[in-house]
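**Q** My questions all concern the structure below.
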Amino acid sequence: MRKPPFLFTKIPFPALFLLLVFSFSLTFQVISQNLDAERSILLDVKQQLGNPPSLQSWNSSSSPCDWSEITCTDNTVTNVSLRNRIIIEKIPARICDLKNLIVLDVSYNYIPGEFPDILNCSKLEYLLLLQNSFVGPIPADIDRLSRLRYLDLTANNFSGDIPAAIGRLRELFSLVLVQNEFNGTWPTEIGNLSNLEHLAMAYNDKFRPLALPKEFGALKKLKYLWMTEANLMGEIPESFNNLSSLELLDLSDNKLEGTIPGGMLTLKNLNYLLLFINRLSDHIPSSIEALNLKEIDLSDNHLTGPIPAGFGKLQNLTGLNLFWNQLSGEIPANISLIPTLETFKVFSNHLSGVLPPAFGLHSELKLFEVSENKLSGELPQHLCARGTLLGVVASNNNLSGEVPTSLENCTSLLTIQLSNNRFSGGIPSGIWTSPDMVSMMLDGNSFSGTLPSKLARNLSRVEIANNKFYGPIPAEISSWMNISVLNASNNMLSGKIPVELTSLWNITVMLLDGNQFSGELPSQIISWKSLNKLNLSRNKLSGLIPKALGSLTSLSYLDLSENQFSGQIPPELGHLNLIILHLSSNQLSGMVPIEFQHEAYEDSFLNNPKLCVNVPTLNLPRCDAKPVNSDKLSTKYLVMILIFALSGFLAVVFVTLSMVHVYHRKNHNQEHTAWKFTPYHKLDLDEYNILSNLTENNLIGCGGSGKVYRVANNRSGELLAVKMICNNRRLDQKLQKQFETEVKILSTIRHANIVKLLCCISNETSSLLVYEYMEKQSLDRWLHGKKQRTSSMTSSVHNFVLDWPRRLQIAIGAAKGLCHMHENCSAPIIHRDVKSSNILLDAECNAKIADFGLAKMLVKQGEPDTMSGIAGSYGYIAPGKTIKALLSTCFHFHNLSISCIIPFLYTWMIEYAYTTKVNKKIDVYSFGVVLLELVTGREPNNGDEHVCLAEWAWDQFREEKTIEEVMDEEIKEECDRAQVATLFKLGIRCTNKLPSNRPTMKGVLKILQQCSPQEGHGRNKKDHEVAPPLRNDTYPTTYKL
């Protein structure tokens, strides 16, 4: 067959060459023009975003394809990634002029406003808006993005319903709507997304209560369904048995009821089944065919019946969590044979029988927790056969025998908890010294043997009470340097208390009561500065009570009763703030220290016949009383006594009659001077004890709103903080108003991160607020060098450092408190005086917002609301430098012209004359200053010589300083630079001069929770693992701000 002629065969070569050159030139010109147009679009976008410093490489002299945020395909822009670029402006619609845009990623910024105007981006396939400050609903016409395949709106403030139009995005394979403010419903049309593989709507607890729709069972390609804490109710549909592609099902922390569908454990591809914290009941399905399962968590439900033996077929299972149910029967032996099993938690059920002996022999077992059941027999002998065991928790069963010797060489072990069983024999010596051991809880058994001379370096808690340990305390006990709690009550320990025992500098609780110790206590105490509770009762100790006990400023509980102590009670003990004191049943003599001569200690000195008092408040004889022989009294003295008695009687009658009239006239006034007690919580409180302890010795703070005292509740033993405001009529009317404000607000709030107001005690002249006591007092003491080692703080300051994890924990706790005030109270509350001195810390450094004297409840929408004056503290008052700088400039140059004053007034009006919605941003600004304090360690009004901290931080940001240049020297050695940089940027965002550009406290909290893996992104994890967490960015070694 004849070949067709080639088109260019008759064209001369020179002409052909020119034609090709022309064609290439034309193509290059078109490409160049297209890139020029796209560069112009992107530069417009940059300008509308406020020219952020992070995009400074975008310029007119380079190709957009060379910019790190841009990806080009075939010389056209297809991908714009502005991830973590500190964008604080809305996404301009101009970006949709990029006609070939496929991917838009603006994650991890601070972008405000409603869903961006990008529905004209017709070729968009991937849209990532996660971790911003978006608000409002998802557009009802979102299906205009018809090519969309991936949508992620995680960690924003979107609200309303999820529109039905979502179900018309037929190409969608991933829909992620985690952690928003949706308060409506979600559509069953999602079941129409035949290509959907990932569906995540977790942590949306404001959804209206809804049942899972059966339509979801039609999602044949669905691999990942995550709906933790989504306000689900009702039963799991049987149609879910048809989700044949499903790999992860997480419906945890909801209100699901009924049974687990029978086919759920037959899904061949299922890897993770997480249904914990629900109300599921009845038996676990016995048909187990999902052989790819790696983790099952059905804990915290109402499940009954046996553990299915079919679980033993799951040869890929790493974790089995069935705790907090009502399961019964024996533990199937074949579960112990699973070669991949790492976690086995079945505590708090009704399980019985013996523990399968093969646990730990065939797998790298890490956690073995079977406490609070009815198990019997011995512990498995091979729990640590693979050397990976971290914890054995088997308390409160009926187990017996000895501790397996195999645990002696288990160097990975962190804790062993065998309390309240019937174990016996000795403790293998290797367990005491296991290098990573942190706690040993062996109380309530029949263990025997002597105390070891050496303990593991990290061991901080040893509880061996109610056993049969014997012998003396070894002198080598001084090597137990990190021990914090030692409970050896009710054993057969004997000998003297060695002075070496007093060298345990970290000890807080020491209980040695009910033993056979004898001799005198050491007169010298080397280092018990942290000791809070000491019980040596029911021994055979004798001699004097050491004066050195009076130097233990942290001691609040002392029990030396039922011994043979003699001599006087050392007056030095009166210097302590003892809540509980027991010295009964000894041979003490002399006067009780005056500090103990009141009703709080009425049971402290029983069965000491030689003790006496000067004040008749205790049931003890008076020290100044002398025995009298009535037979030797003369008649003369008897007559004089009778005359004096009669005169006294007549005087009393006269005074009484005179006072009757006065009483009727002044009855009203007397009622007003009586103390009024108003409780806000269930209390066991002696108000007389509170009032009698408002002394200078108990004073721990003074401020503009009154004095604060530390007082011990003689009934419950807890410490209380009492704020006292004395009202001298006109002079203190402002304080009285603050008092009333604080009572009004705190009596209505219940939150873990807001200081708890227990009660109010008041009369005509004084007002008392009684709070829970915060051991570490205020945050500013630890940030700004105010670590005075006063008696009220000794236990807190000992070797205490405000490291970075604690600072992050404090920031999150304080943010939770403020967020609750702003978002969850029926009438939103603004604090108006947020500062580091008003953030209090308990013993574990949990932060609580305090001092609500300046706070204000915002009225409901539509009602008038005014703010009287500027409240707050210098350095924390928005807008920071604007007020200070403008005024100082005006006065410095004697320039009082309109052009100088008007900007100041304008800025002030922006901050303080807006609506109630903007008023909340006052707290956001102040909290931003606190964040900057936590990062930099600087004081709020001392950022530099001429500016406050907030303005100083903005200057550092504009100058592109590294995080190393601004962070506190005290946290540089051990901190997560990424976290520090995030908090610094967040502090800058919060201290924006315009209130509208600041995030809400809810947005602030979400960002902080993203920084902390312990927070689980807002979820209370309890004992559970989180379902797939939100993604975190990686950061280079040197962090640019």
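The values are calculated or read from the model by the stated rules, or taken from the named source; none is laboratory data. Just so it is clear, the structure is predicted and the values come from calculations on it, not from any experiment. When we count neighbours, we look across all protein chains shown, and the Cβ atoms used for this are built from the backbone with ideal geometry, even at glycine. SASA here: full protein model, heavy atoms, side chains in, ligands and nucleic acids out. Shrake-Rupley method; radii C 1.70, N 1.55, O 1.52, S 1.80 Å.
**Q** Of all the Cα-Cα pairs you can form in segment 448-623, what percent are over 28 Å apart?
**A** 22
**Q** Using per-residue counts of other Cβ atoms within 10 Å, averaged over each peptide, order 53-62, 314-323 from highest down.
**A** Final packing ranking: 314-323, 53-62.
**Q** While we're on this one: As a test of the definition: which semi-axes, in Å, follow for segment 270-367 when you take the square root of five times each eigenvalue of its alpha carbon gyration tensor? Largest first, please.
**A** So the three semi-axes of segment 270-367 are 19, 16, 12 Å.
**Q** Could you look at segment 517-581 and say what percent of its accessible area is carbon and sulfur, using a 1.4 Å probe and all protein chains?
**A** 46
**Q** Excluding N619 itself, calculate the net charge of residues whose Cβ lies under 15 Å from the Cβ of N619, where each Lys or Arg counts +1 and each Asp or Glu counts -1.
**A** -1
**Q** Could you calculate the contour length gain from L291 to E696, that is, 0.36 nm times the residue separation minus the distance between their Cα atoms, to one decimal place in nm?
**A** 138.8 nm
**Q** Just order 509-519, 564-574 by mean Cβ neighbour count inside 10 Å, highest at the front, would you?
**A** Ranking, from highest mean packing down: 509-519, 564-574.
**Q** Shifting gears a bit: Once the other residues with Cβ under 14 Å from the Cβ of N75 are scored (Lys, Arg +1; Asp, Glu -1), what is the net sum?
**A** Net charge in that neighbourhood comes out at -2.
**Q** Amide H of L375 versus every other amide H placed in the peptide plane: which residues, excluding those fewer than 5 positions away on the same chain, fall under 5 Å?
**A** Here the answer is N398, since their amide H atoms fall under 5 Å of that of L375.
**Q** Sort 970-979, 131-140, 184-193 by the packing proxy (mean of other Cβ within 10 Å over each peptide's residues), most packed first.
**A** Descending mean neighbour count gives 131-140, 184-193, 970-979.
**Q** At a threshold of 8 angstrom on Cα-Cα distance, excluding pairs fewer than six apart, so keeping six or more, what relative contact order does segment 326-383 reach in percent?
**A** About 39 percent, as a whole number.
**Q** Hey, another quick one. Kindly flag which residue pairs out of K268/K374; K776/K993; K848/K961; K756/K920; K90/K206 have an alpha-carbon separation exceeding 29 Å in this structure.
**A** In this structure, K268/K374; K776/K993; K848/K961 lie more than 29 Å apart at Cα.
**Q** Let me check I've understood the local charge: for E38, count other residues with C-beta under 15 angstrom from its C-beta, Lys and Arg +1, Asp and Glu -1. What total comes out?
**A** -1
**Q** Ignoring everything but the protein chains, give the 1.4 Å probe accessible area of C990 in square angstrom, nearest 10.
**A** Accessible area, nearest 10 Å²: 0 Å².
**Q** Top to bottom by accessible area (1.4 Å), largest first, where do E562, E289 land?
**A** E562, E289
**Q** Ordering K816, K206 by accessible area with a probe of 1.4 Å, largest first, what comes out?
**A** Largest accessible area first, the residues go K206, K816.
**Q** Okay, next question. Accessible surface of I594 in the full protein assembly, 1.4 angstrom probe, to the nearest 10 Å²?
**A** Here the residue's solvent-accessible area equals roughly 100 Å².
**Q** Using a 1.4 Å probe, how large is the accessible area of R538, given in Å² and rounded to the nearest 10?
**A** Probe radius 1.4 Å; accessible area of R538 about 90 Å².
**Q** Another one. Please compute the per residue accessible area over segment 508-584 with all protein chains in place, 1.4 Å probe, rounded to a whole number of Å².
**A** 36
**Q** While we're on this one: Let me know the number of lysine pairs in segment 448-623 closer than 29 Å at the Cα, not counting same-chain pairs under 8 apart.
**A** Lysine pairs satisfying the spacing and distance rule in segment 448-623 number 19.
**Q** Can you give the translational diffusion coefficient of segment 149-284 in µm²/s, computed by Stokes-Einstein from the Kirkwood radius over Cα pairs at 25 °C and 0.890 mPa s?
**A** Roughly 166 µm²/s, to the nearest whole number.
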